[in-house]
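The values are calculated or read from the model by the stated rules, or taken from the named source; none is laboratory data. Just so you know, these numbers come straight off a predicted model, no measurement behind them. Glycine gets a Cβ as well: all are built from the backbone with ideal geometry, and neighbour counts include every protein chain shown. The protein model used for the area step is the full one, side chains on, heavy atoms only, and it has no ligands, DNA or RNA in it. Shrake-Rupley method; radii C 1.70, N 1.55, O 1.52, S 1.80 Å.
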Amino acid sequence: MKKILILSRASDVSTSDVIEWLIYNKAKVDRINIEDRLFNCRVSFKSHRNILIELEFERNILISLKDYSSFWYRRGELLFWKPEVEQYQNQVNRLLKNEWKVLTDFIYSFLEKRPHLGSLNKERNHNKLLSLLHAASVGLKIPHTVITTEKHDAVKSIKQNEYITKAIHNIFTIHYDGLFSAVGTRLVSDYDLKSLGYYFFPTLFQKNIEKEYELRIFFIKNKFFPMAIFSSFDEQTKIDFRNYNRSKPNRCVPFILPDGIETKLKNFIKVMELDTGSIDMIVTKEYKFIFIEVNHIGQFGWLSDNCNYCIEKEIADYLISICR
């Protein structure tokens, strides 16, 4: 058996849990974290069959990618030290950044030509709006979504119903005075609408759907691990379970997907060309299933613990199966 290579983050506990299962099964595995600064890189090729890629990291870690028969992209990117630049700093740094991106794209492409799980390129290019359209194309219901830059259009679109707003890309944080604030999903109030200028930066508005509960569905290939989250019973988590109530957490239980919904989700991940990730859905009081979004990486530790799914072992078993 050859070795498994994992790219992750040092603080990612789920990666460590999977590695414990790999070691238990006597698999050979190497883990590279984004904190392991790369300071030497050598790429050599004469043909498409004769490619040598060697990476040397801090702590005297030297790896040759030909030694690995499978790859798990969990988190992060390969980071290279930056040389000191005295003149034309911004221009040179921009040039070096572009050079490094082309090189790392080549390296990731090389790794993803062999059996693998997860993809940095898909994570980089993930587009929530395209995900919504793909979900609708396979028959999944999606919320009414409006993106606009004009106050009149926003008021006209949402005046009849409650709407939420969230980032078009991902949840982001704003740092100030030594503190940080996460900008997530929130209900749009009359005050918000009145505060808007006549024109503003493109902003996403989405119909707020009254839910019975939310679903977080982690998947590996065509195997789903669904969990119901009873977030609607807590004012703090009513709009989005990620507005966590640490003192009184939501009840989370295993869930069985209806056959029709599971089939549509399988079609969705096929269209999206995904092999792993987390899907968020809403189940309404009328028992309608509404697709919200997909996360190409997806946390699975808390889902595994709450539902006794032992997803860490499932991932380890899958990595071993594609490594042989």
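Remarks
- The number of residues in the range 57-87 being modelled with pLDDT of 80 or more, open to solvent by 30 Å² or more (accessible area, probe 1.4 Å) and assigned to a strand (DSSP E or B) comes to 2.
- As a summary of the residue check, residue 306 satisfies the conditions (1) in a helix (DSSP H, G or I); (2) modelled with pLDDT of 95 or more except for the one numbered (2).
Rundown of residues vs (1) touching a Leu at 6+ places or on another chain (Cβ under 7 Å); (2) over 30 Å from residue 313 (Cβ atoms), yes/no style:
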{"position": "34", "(1), (2)": "yes, no"}
{"position": "63", "(1), (2)": "yes, no"}
{"position": "69", "(1), (2)": "no, no"}
{"position": "98", "(1), (2)": "no, yes"}
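- Taken over the range 264-288, residues that are more than 16 Å from the chain's Cα centre (by Cα), of a type in the set (A, V, I, L, M) and surrounded by 16 or more Cβ atoms within 10 Å (Cβ to Cβ) amount to 3.
- Remark: pairs (first residue in the range 171-199, farther than 27 Å from residue 210 by Cβ and at pLDDT below 65; second residue among the hydroxyl-bearing types (Ser, Thr, Tyr) and open to solvent by less than 90 Å² (accessible area, probe 1.4 Å); Cβ separation under 6 Å; 6+ apart in sequence or on different chains) = 180/173.
- Considering residues of the range 1-32 that are part of a strand (DSSP E or B) and either out of contact with any strand residue (DSSP E or B) (no Cβ under 8 Å at 6 or more places or on another chain) or open to solvent by 20 Å² or more (accessible area, probe 1.4 Å) (or both) only, the residue nearest to residue 79 (Cα to Cα): 31
- Among the residues of the range 43-53, at least one is at pLDDT below 90, more than 29 Å from the chain's Cα centre (by Cα), charged (D, E, K, R) and open to solvent by 70 Å² or more (accessible area, probe 1.4 Å).
- Of all residues in the range 110-122, those that are exposed (fewer than 12 other Cβ atoms within 10 Å of the Cβ) and modelled with pLDDT of 90 or more total 0.
- Test for residue 109: is it among the small types (Gly, Ala, Ser), without any contact (Cβ under 8 Å) to a residue 40 or more places away in the chain and in a strand (DSSP E or B): no
- Taken over the range 199-232, residues that are charged (D, E, K, R), under 16 Å from residue 188 (Cα atoms) and surrounded by fewer than 16 Cβ atoms within 10 Å (Cβ to Cβ) amount to 1.
- Test: residue in the range 123-136 that is in a helix (DSSP H, G or I), within 30 Å of residue 69 (Cα to Cα), of a type outside the set (Phe, Trp, Tyr) and modelled with pLDDT of 80 or more: yes
- Residue check, residue 149 among the polar types (S, T, N, Q), in contact (Cβ under 8 Å) with a residue 40 or more places away in the chain, more than 30 Å from residue 12 (Cα to Cα) and in contact with a Pro (Cβ under 7 Å, 6 or more places away or on another chain): yes
- Count of the range 289-308 residues which are open to solvent by 70 Å² or more (accessible area, probe 1.4 Å) and closer than 17 Å to residue 256 by Cβ: 2
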